[in-house]
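The values are calculated or read from the model by the stated rules, or taken from the named source; none is laboratory data. Here the structure is a predicted model, which means the values were calculated and not measured. Surface areas here come from the heavy atoms of the whole protein model, side chains and all, with no ligands, DNA or RNA. Shrake-Rupley method; radii C 1.70, N 1.55, O 1.52, S 1.80 Å.
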Amino acid sequence: MPELVRPRRRNPVARNLYQNRGGVHEKSKKAKRAASKQETRKKVSEWASRSSFIYSSILSFFLR
């Protein structure tokens, strides 16, 4: 009867590192910062357009 070949013992820590490589893909810090800046600029421009509309409405009311 031929001798059975046992599987070679591997480093369990190294194997776990390879298994933990995958996961949720997240945006980088740089991308998050850029998105935040873009959102802030958008809000400011919306606020400015509303403010100028309110200002012009009030001004036209008093200049009648």
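A few notes on this one:
- Test: residue in segment 52-60 that is at pLDDT below 85 and open to solvent by 100 Å² or more (accessible area, probe 1.4 Å): yes
- Annotation note: of ARG21, ARG15, ARG8, ARG64, the sole residue that is among the basic types (Lys, Arg) and modelled with pLDDT of 75 or more is ARG8.
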